[in-house]
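Trainee: Right, I'll just put the structure down here and ask away after.
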Amino acid sequence: MTTAITKPPKESVKARGAFLLYFNLGEERSLLKVGQELAKKGIKVSITTVKEWSAKFHWVERVEAMDSEVQSKTEEIAIKEATVKKSDLLKAV
């Protein structure tokens, strides 16, 4: 089974790179922006191809799952840090 982070079967290296670029764009995320960023790197890919990759490899769903996982991990870290801080405060009393 393919998870959000794993590479789907038959996703090329170029398509995977474009997907990761899409994910890393965050709030600025768009297919047009992916095409523009690839062009800046000298990688010629049409917006049509980017759209096809997005649909074929379920970019929106994968990014939503990855964003959710990042949020969960961020919350876990915040809870651990708060726990340590509170523990340190209690030790000082």
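The values are calculated or read from the model by the stated rules, or taken from the named source; none is laboratory data. All values reported here derive from a predicted model rather than from experimental measurement. Ideal geometry is used to build each Cβ from the backbone, glycine not excepted, and the neighbour counts take in all protein chains shown. Only protein heavy atoms, including side chains, enter the accessible area calculation; ligands, DNA and RNA are left aside. Shrake-Rupley method; radii C 1.70, N 1.55, O 1.52, S 1.80 Å.
Trainee: What number comes out for accessible area per residue over the chain if the probe is 1.4 Å? Units Å², please. Walk me through the intermediate numbers first.
Mentor: On the way: 6850 Å² over 93 residues.
On a per-residue basis, 74 Å².
Trainee: Kirkwood Rh over alpha-carbon pairs of the stretch 33-93, then Stokes-Einstein at 20 °C and 1.002 mPa s: what D in µm² s⁻¹, rounded to an integer?
Mentor: Diffusion coefficient, whole number: 143 µm²/s.
Trainee: In debye, nearest 20: dipole of the chain around its Cα centre with unit charges on the Cβ of K, R (+) and D, E (-)? Write down the numbers at each step before the final one.
Mentor: On the way: 17 positive and 13 negative charges, 88 e Å.
That gives the chain a dipole magnitude of about 420 debye.
Trainee: Shifting gears a bit: Using Cα pairs closer than 8 Å and at least 6 residues apart in sequence, work out the relative contact order for the chain, in percent. Write out the running numbers ahead of the final one.
Mentor: Working: 41 pairs, mean separation 26.4, N = 93.
So the answer I get is 28 percent.
Trainee: Build a GNM of the chain with springs between Cα atoms under 10 Å: which of R62, R29, R16 gets the top mean-square fluctuation?
Mentor: R29
Trainee: In the chain, what percent of the accessible surface is made up of carbon and sulfur (1.4 Å probe, ligands and nucleic acids excluded)?
Mentor: Numbers: 4090 of 6850 Å².
Accessible surface attributable to carbon and sulfur in the chain totals 60 percent.
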